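Down below is the structure, laid out as structure tokens.
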Amino acid sequence: MNRIFFRFFVLVMLSITAATFVIYFAFARLFGDPLDDIARRQAAAQIFLLEQYVDQAPRDEWLTRLNNVREVSDARYDLMPLAQARDALGAGRRADLERGAIVIDVGSKSFYRRVDLDGERYIGSQDEVLHAQDLPIDIGQALKMELLRYVIVAIALLVPIALWSRSHWQGLQSLSRMADEFGAGKLSVRAHLKPSDTVYPLGERINHMAGRIEALMESQRNLLHSVSHELRTPIARLEFALELLDAKARDADLSRRIAAMEGDLSELNNLVKELLDMSKLDSARSLQGAEADLDALLRDCCATLPPSPQQVACELAPGLGTLELDARLLARAVGNLLRNAQKYAQGRIVLSARRAPDLVEIAVDDNGPGIPAEERDRIFDPFYRLDRSRDRATGGFGLGLSIAQKAVLLHGGTLRVETSTMGGARFVITLPANSPNK
Ligand code: ADP
């Protein structure tokens, strides 16, 4: 059951219950207690006997007639002192008793009435009360009828509310599904609602907003792509010109300067290459996946690393099997993690992998400085670097982790960082493994 309907349901039930009590107390106050009325009708025979037979007795014969009634009746008739009867009744009904009225007590199926007001029936009769008990009073039936009325009114209200909230609910479900998919990066998704849906205007606005966001993201991607692309031509021309200059240079100092400029240019070239890669990943909607052997792929990642004194130990669990993935992209992600480890480790790097029934976990551990806990979310942002002076020496742009994360996300996986048992950073790629281990 949806939440809107449930809340409405509770609210309606509470208000019907409150209305029932208000009606009861208002009626009781204005027209007398309805239950009292029912009980009075049920005890009508006993009241009739008292008023039309016992009370009609000549002077001093009142008690005799009462005894006659006692003999033939199922009800019990007791005489009690007025003070005791007053104590048995609530304040509101004491006044009725005082003025000689019949006071019904529904709960104990009895009534009280003063014998008389001026002591003419026997000596001291004005201070006595007749208490009739075991009367044929049964308000159960009346309460059942009230309950039935309550249930019918509740159903009559709840059915239209259920239908009404169902129409809201379906529309809202569709909007929430769309928001989930949009949040997961599928920017082309839109809500499809019928014009008759109650939330149709809201859906239209959300669709309009989604359209604007998609267009903005697209234009931002295009801009990044075009700028990076346009930079390639002048960089290539500069590289060519520097090579020509270097070939003609006679002066050693000039050669050194040219070499430095070539170094800067190659850095610029790498930056453009990484930016282009990132924009390609951003605009990729789906993967060109193929079945790939994980063991071979990961060993290949280690083998193709640039030469470094920091050796990588490959500790792959047996039976990694195959997985449907874009091998080039995953190798790029793992390669980025390994190259980072090579930059920051103190001599020990381990690439490990294991397969569980529904996932594959690939981890890169090192014994370098690690990543402080408060920086762990931000290091995946493009151009974010931890310690800039340290990184200038290591020469990164702060794009490697962002590219790795995008590549893993495209596979439906996650990339996280934690503290390694080796003391440094531990980057863990988790990939869903829905296909059976082959
Ligand atoms: P870069 O190209 O600068 O290495 P990355 O996006 O790959 O950019 O990494 C972002 C930052 O995260 C790096 O500048 C570095 O400070 C930190 N970092 C990445 N990997 C490691 C690691 N294995 N150990 C310590 N710090 C790391």
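General remarks:
- Helix 252-283 and the long axis of the chain differ in direction by around 30°, with both axes built from C-alpha atoms.
- A simple spin-label model places the labels of LEU386 and LEU30 7.8 nm from each other, with each point 7 Å out along Cα-to-Cβ.
- Normalised per residue, the volume of the convex hull around the Cα set of the chain (Å³): 286 Å³
- Here the Karplus relation 6.51 cos²θ - 1.76 cosθ + 1.60, evaluated at θ = phi - 60°, turns the backbone of the stretch 84-91 into coupling constants of 5, 5, 4, 5, 6, 9, x, 4 Hz, with x for every Gly and Pro.
- Backbone HN-Hα couplings from phi across the stretch 36-49 [Karplus 6.51/-1.76/1.60, Hz, Gly and Pro as x]: 4, 4, 4, 4, 5, 5, 5, 9, 4, 5, 5, 5, 4, 4
- Ratio of Rg to Rh for the stretch 2-141: 1.17 [Cα atoms; Kirkwood radius as inverse mean 1/r over pairs].
- Selection from ASN68, LEU216, LEU130 lying farthest towards where the dipole of the chain points positive, charges on Cβ: LEU216
- Put a plus charge on the Cβ of each Lys and Arg, a minus charge on the Cβ of each Asp and Glu, and nothing anywhere else: the dipole of the stretch 25-127 about its Cα centre is then about 260 debye.
- Across LYS186/LYS273; LYS280/LYS406; LYS186/LYS406; LYS248/LYS273, pairs whose alpha-carbon gap is larger than 19 Å: LYS186/LYS273; LYS248/LYS273
- Long-range amide H partners of SER110 with built H, under 5 Å: ASP105
- Size descriptor, Kirkwood hydrodynamic radius, that averages inverse alpha-carbon separations across the stretch 200-283, Å: 15.7 Å
- Each pair of Cα atoms in the stretch 306-409 enters the Kirkwood radius, and Stokes-Einstein at 10 °C and 1.306 mPa s then converts it into a translational diffusion coefficient of 107 µm²/s.
- Each residue of the stretch 18-24 is assigned a 3J(HN,Hα), and the resulting list reads 4, 4, 4, 5, 4, 4, 4 Hz, derived from the Karplus form 6.51 cos²θ - 1.76 cosθ + 1.60 (θ = phi - 60°), x at Gly and Pro.
- Relative to the longest principal axis of the Cα atoms of the chain, helix 294-303 runs at roughly 40 degrees.
- Angle in degrees between helix 327-344 and the longest Cα principal axis of the chain, rounded to the nearest 10: 80 degrees
Throughout, read-outs are computed from the coordinates displayed, never taken from laboratory work. Worth saying up front: this structure is predicted, and the values here are computed from it rather than measured. Here Cβ is always computed from backbone atoms with ideal geometry, including for glycine, and neighbour counts include all displayed protein chains.
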